[in-house]
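Throughout, read-outs are computed from the coordinates displayed, never taken from laboratory work. Treat the numbers as computed from the prediction; the structure is a model and nothing was measured. Please note: Cβ atoms are built from the backbone with ideal geometry, for glycine as well, and neighbour counts cover all protein chains shown.
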Amino acid sequence: MIKRILLIIPSFFFLFILFACTDEQHDEPEADIIRFGLTSAPVTLDPLQATDATSARINRLIYQRLVEFGADNKPIPGIATWKLLDAKHYRFTLTGKSVFHHGHVLTANDVKATYDALLDPKTASPHRNALKHILRIEVLDERTLDFFLTRSDPLFPAFLAVGILPADALKQAHTFNQQPIGSGQFEFLRWPFDGQLFLRRKSDQQVFEFLKVKNPTVRVLKLLRGELDLIQNDLPPEHIAFLKSSDEIQFLTESGANYSYLGFNLQDKDTGQQKLRSAIAYALDRDKIIQYALGNAAQKANGFFPAQHWAGARLKSYDYDPIRAVALMLELGYSEKKHLKLVYKTSSDPFRIRIATIIQSQLKDIFIDVEIRSYDWGTFYGDIKNGQFQMYSLTWVGIKTPDVFRQVFHSHSLPPEGANRGRLNNPKIDQMIELAEQEMDLQQQANLYQILQQELHQVLPYVSLWYEDNIAFYRKNIHGYQVSHDGNYDGLKNVYRSLNKTNKINNKQKD
């Protein structure tokens, strides 16, 4: 069935190329703007509210953070260093000089104002729950401030990766979601509509346009025609193969750490049954999906973190076992004569719909009739946050540290205060999360998180799918881009265009 689904795609793809290449309605793009094609637009440019991947990646360009992460996924200094003064007391010292895009110097007061706003229940920040153990924040001088905690936490610096906002703008209730004021290497220019955003790189005034092009075929066409300069990820294998063969296009790949999964509404009478979720896990032939739908550009996942992560656990895989899956469904009372009906929600991105269609086909073999409902990103994401689903698929991006388990699985982390979208309410898991958080020895903490992951692996609030590789395609005159392990857009900090003779003449005439 997977092969039948995939074989019909190339013919439509090349017909679309033939049709689209005759379209003369598009203006020639300006040579001095570098255009980056996005699958979905950012939801918000307010770092206190951003949880979707595109928002998080663009916000990394606009804002600076106290803390970054090293290659081993442990926290390292961003714009501040820190000292642990006692088990519940951290001191942070700002390094260098950072200036907000509206001209004010970034000080410890701005850091305090940012985290005070995040912790304010009225802000309804989804990041608040992970930081509720901050007792108070005290500013010592312009460059130094102390965080006092209600409990010990050796990983506390890892939580402080939220973009810093200016205190004066916060006081004036500035609308950061639409008009961000950061201190990062990129400053906001304009956001004419949902799918078009302009930023300017401060170092050389290079302008970047982020353009939403939902359809992967159209995205590829725009790249080939020079209407886009770069695109990254979310392409089916035949598009990838086609671009790799093009003389006009370059590409880079990097193994991925972004975690794709099936999520379930645990309050639903059907998907709330652990036995059903296990049957679904055993029914999925992930090897074939990775081979045929992902072009072997992914590795199977068993949890948030691969085993080599410092807090990763070696978990027994739910490998493809249709006999076991059918046996579980029979125990639940389903058979060839009595099928279960489930609704699977996904975005309207064609690639994600294709993945959903393959999963639909595989689950039919174990007496599950799946109805796929696809929506624009905003509607889809809103439904997931509001718990209006039975089953869905999404990808967690940029997850570095195990504090994610509180955010995603603790019963106190229901949206909007957290990301427990499946409404898991499991006292044992809550207790295991809290116990791990209180352990001060990092190795012992890693051991506790590994035990927690074993328990989650049995409860199955998520069915793990894969870690997708990251791949970027860009035109031959684009240089300096790098693809990251988590798929962020930080490579844009160093990217540049080499102008050909015609473009240089045109630019000279403009001047």
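What shape does segment 148-213 have by the C-alpha gyration tensor, where a ≥ b ≥ c are the square roots of the eigenvalues, rounded means a/c under 1.5, and otherwise prolate means a/b greater than b/c and oblate the rest? The partial results should precede the final answer.
Values: a/c = 2.28, a/b = 1.95, b/c = 1.17.
The shape class here is prolate.
Rounded to the nearest 0.05, what FRET efficiency do residue 379 and residue 132 have when you use their Cβ-Cβ distance and R0 = 35 Å?
Numbers: r = 30 Å, r/R0 = 0.86.
With R0 = 35 Å, the Cβ-Cβ based efficiency is 0.70.
Once fully extended, how much extra length lies between residue 476 and residue 316, figured as 0.36 nm per residue of separation less the alpha-carbon to alpha-carbon distance?
That pair, residue 476 and residue 316, stretches by 53.2 nm at full extension.
Within 15 Å, Cβ to Cβ, of residue 319, how many net charges do the neighbouring residues add up to if Lys/Arg are +1 and Asp/Glu are -1?
Working: positive: 286, 288, 300, 314, 316, 324; negative: 285, 287, 321.
For residues surrounding residue 319, the net value is +3.
So, with +1 on the Cβ of K and R and -1 on the Cβ of D and E, and no other charges, what is the size of the charge dipole of segment 47-121 about its Cα centre, to the nearest 20 debye? Don't skip to the end; give the middle numbers.
Numbers: 9 positive and 7 negative charges, 45 e Å.
Computed charge dipole of segment 47-121: roughly 220 debye.
For segment 64-171, build the charge dipole from Cβ charges (+1 Lys, Arg; -1 Asp, Glu) around the Cα centre, then report which of 140, 106, 67 sits farthest towards its positive end.
Sorting the options by dipole projection puts first 67.
Give me the distance between the Cα centres of segment 112-172 and segment 365-442, rounded to whole Å.
Computed from Cα coordinates, the inter-centre distance equals 23 Å.
Tell me, what is the FRET efficiency for residue 454 and residue 139 to the nearest 0.05, using R0 = 51 angstrom and their Cβ-Cβ distance as r? Each step should come with its number before you reach the end.
Details: r = 42 Å, r/R0 = 0.83.
The pair residue 454/residue 139 has a calculated efficiency of 0.75.
Can you give me the distance in nm between label points at residue 171 and residue 275, each placed 7 Å from the Cα along the Cα-to-Cβ direction?
Result for the modelled spin labels: 6.2 nm.
What distance in nm separates the two pseudo spin-label positions at residue 152 and residue 194, each 7 Å out from Cα along the beta-carbon direction?
So the label points at residue 152 and residue 194 sit 4.9 nm apart.
Consider all pairwise Cα distances in segment 290-347 and report the whole-number % of them above 17 Å.
Numbers: 1088 of 1653 pairs.
In whole percent, the share of Cα-Cα pairs in segment 290-347 beyond 17 Å is 66.
For the chain, go through all pairs of different Cα atoms, get the mean of 1/r, take its inverse, and jot down that Kirkwood value in Å. List each step's numbers first, then the result.
On the way: mean 1/r = 0.0410 Å⁻¹.
Hydrodynamic radius (Kirkwood, Cα pairs) of the chain is 24.4 Å.
Test of understanding: what is the full-extension gain from residue 490 to residue 296, defined as 0.36 nm times their sequence separation minus their Cα-Cα distance? Present the calculation step by step, with values, prior to reporting the outcome.
Values: separation 194, 0.36 × 194 = 69.84 nm, distance 2.52 nm.
Residue separation times 0.36 nm, minus the Cα-Cα distance, leaves 67.3 nm.
Where does the charge balance sit around residue 137 when Lys and Arg score +1, Asp and Glu -1, over other residues with C-beta under 15 Å from its C-beta?
Local net charge: -1.
So what is the relative contact order of segment 259-468, in percent, for Cα pairs below 8 Å that sit 6 or more residues apart? All intermediate terms of the calculation are to be shown ahead of the outcome.
Values: 346 pairs, mean separation 70.3, N = 210.
Worked out over segment 259-468, it gives 33 percent.
Please give the charge dipole size of the chain, origin at the Cα centre, charges +1 on K and R Cβ atoms and -1 on D and E Cβ atoms. Round to the nearest 20 debye.
320 debye
For each of 314, 277, 65, count neighbouring Cβ atoms within 10 Å of the residue's Cβ, then give the residues from fewest to most. Let's see the in-between values first.
Details: 314 12, 277 23, 65 20.
Fewest-to-most Cβ neighbours within 10 Å comes out as 314, 65, 277.
How big, on average over all directions, is the shadow cast by the Cα convex hull of segment 64-171, in nm²?
Working: hull surface 27.5 nm².
Mean projected area of the Cα convex hull: 6.9 nm².
Search the structure for amide H atoms under 5 Å from the amide H of residue 372, placed 1.01 Å from N in the peptide plane, and list their residues when 5 or more places away or on another chain.
The answer is 344.
Which FRET efficiency value, to the nearest 0.05, is calculated for residue 244 and residue 97 with the Förster distance at 35 angstrom and r the Cβ-Cβ distance?
That gives a FRET efficiency of 0.20.
Please report the antiparallel percentage of DSSP beta bridges with both residues in segment 259-468, rounded to the nearest 5.
Antiparallel: roughly 60 percent of the beta bridges in segment 259-468.
Report the Stokes-Einstein translational diffusion coefficient (µm² s⁻¹, integer) for segment 353-443, Rh taken as the Kirkwood radius over Cα pairs, at 4 °C with viscosity 1.567 mPa s. Please report the intermediate quantities before stating the final value.
On the way: Rh = 15.5 Å.
This corresponds to a translational diffusion coefficient of 84 µm²/s.
Express in nm, to one decimal, how much length is gained between residue 440 and residue 288 on full extension, taking 0.36 nm for each residue of separation and deducting their alpha carbon distance.
50.5 nm is the gain from fully extending residue 440 to residue 288.
Rounded to the nearest 500 deg cm²/dmol, what is the calculated helix-only ellipticity per residue at 222 nm for the chain, with -39500 (n - 2.57) per DSSP H run of length n ≥ 4?
Numbers: 16 runs with 156 residues, N = 511.
Calculated from helices alone, the mean residue ellipticity at 222 nm is -9000 deg cm²/dmol.
Run through the DSSP bridge list for the chain and note the antiparallel percent, rounded to the nearest 5.
Values: 56 of 74 bridges.
About 75 percent, rounded to the nearest 5.
How far apart, in nanometres, would the label points at residue 331 and residue 372 be if each is projected 7 angstrom from Cα along the Cα-to-Cβ direction?
3.0 nm
Relative contact order for segment 64-171: what is it in percent, counting Cα pairs under 8 Å that are at least 6 residues apart? List each step's numbers first, then the result.
Working: 179 pairs, mean separation 36.4, N = 108.
Once divided by the residue count of segment 64-171, the mean separation gives 34 percent.
Which whole-number percent is the relative contact order of the chain (Cα, under 8 Å, 6+ apart)? The partial results should precede the final answer.
Numbers: 975 pairs, mean separation 100.0, N = 511.
Relative CO of the chain lands at 20 percent.
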